[in-house]
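The values are calculated or read from the model by the stated rules, or taken from the named source; none is laboratory data. Here the structure is a predicted model, which means the values were calculated and not measured. Using ideal geometry, Cβ is built from the backbone for each residue, glycine included, and neighbour counts are taken over all protein chains shown.
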Amino acid sequence: MPELTKKPTEYYFKAVKLNQLDDSLQQEIKLKCGVDVETCMECGKCSGGCSNTHIFDITPRQMIKLIKMGREEPLLSMDSLWTCVSCQLCVDRCPSRIDIPRVMDYLREKACQQGIKPTREQVKLFNELMLGSIMKTGRVEESLLAVKFNLKTGNYFKDADLGRQMFFKGKLKAFGPRVKNLKKIRQIFNDTIQKEG
Ligand code: SF4
Ligand code: SF4
């Protein structure tokens, strides 16, 4: 995929002719994520309620609009892919219950598969370590995750003092309790890998 020559938002504001709209991305999202963006009313409640929209370059509402417009290029390169925290607030507020974090997940995965460089390398690393922890132990081992993240990013003592204080206040455990059905969780990962592979 060629490098973007414009900011993602410039794609959003570019005029398009209605008879030139391409609905293939909209159909793909419907098929792969089970999300029908056609039901979006553009009310903006998702963007208004989003916990991280202040650091997004493309808001959730704009994202849905770009999908309708078939503009995949800016969507795969947007910073919002790496700053959405899947908190589900947008889904709760949406009158059509459009699952925006599911779409974010799908687009993030697609961007990775196409070798598009993430705007925030460290977020990608954190995401990989977190998923690795869930696959291995069934939960996020916070202490271990923080240590691994610091080692990989070369910030060996980042938040060490805060971690120590949390540990002594009982807010941080060295190892969390194991989940009951780890096999089931690993099965979910394997099924997903097979489905998307
Ligand atoms: S809240 Fe739902 S319907 Fe409203 S703009 Fe966002 S996605 Fe569309
Ligand atoms: S799931 Fe993502 S897009 Fe939705 S409100 Fe949370 S941070 Fe915003």
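Give the residue that is nearest to residue 24 (Cα to Cα), with candidates limited to residues of segment 51-105 that are away from ligand 1 (no atom under 15 Å from the Cβ) and among the hydroxyl-bearing types (Ser, Thr, Tyr).
From segment 51-105, those away from ligand 1 (no atom under 15 Å from the Cβ) are 54-55, 57, 70-74, 76-79, 81-83, 85-86, 105; that's our starting set.
Next, from what is left, pick out any that are among the hydroxyl-bearing types (Ser, Thr, Tyr): 77, 83, 86.
Values: 77: 18, 83: 26, 86: 25 Å.
Of everything passing the filter in segment 51-105, 77 is nearest to residue 24 (Cα to Cα).
The test for being at pLDDT below 95, within 20 Å of the chain's Cα centre (by Cα) and at negative phi holds for residue 8. Where residues in segment 66-89 are within 11 Å of residue 50 (Cβ to Cβ) and crowded, with 21+ Cβ neighbours inside 10 Å, which of them is nearest to ligand 2 (Cβ to nearest atom)? Going through the qualifying residues, I end up with 84. Given the conditions (1) surrounded by fewer than 18 Cβ atoms within 10 Å (Cβ to Cβ); (2) away from ligand 2 (no atom under 13 Å from the Cβ); (3) part of a helix (DSSP H, G or I), which single one is not true for residue 92? For residue 92, the exception is condition (2). Looking only at residues in segment 27-47 that are assigned to a helix (DSSP H, G or I) and more than 18 Å from the chain's Cα centre (by Cα), the one that is nearest to ligand 1 (Cβ to nearest atom) is 45.
Of all the listed residues (147, 123), the sole one being β-branched (Val, Ile, Thr) and over 24 Å from residue 109 (Cα atoms) is 147.
Beta carbons closer than 8 Å, at least 6 apart along the sequence or on distinct chains, never pair a first residue in segment 51-65 that is outside the structural domain of residue 94 (by TED's automatic domain parsing) with a second that is of a type outside the set (Phe, Trp, Tyr) and surrounded by 23 or more Cβ atoms within 10 Å (Cβ to Cβ).
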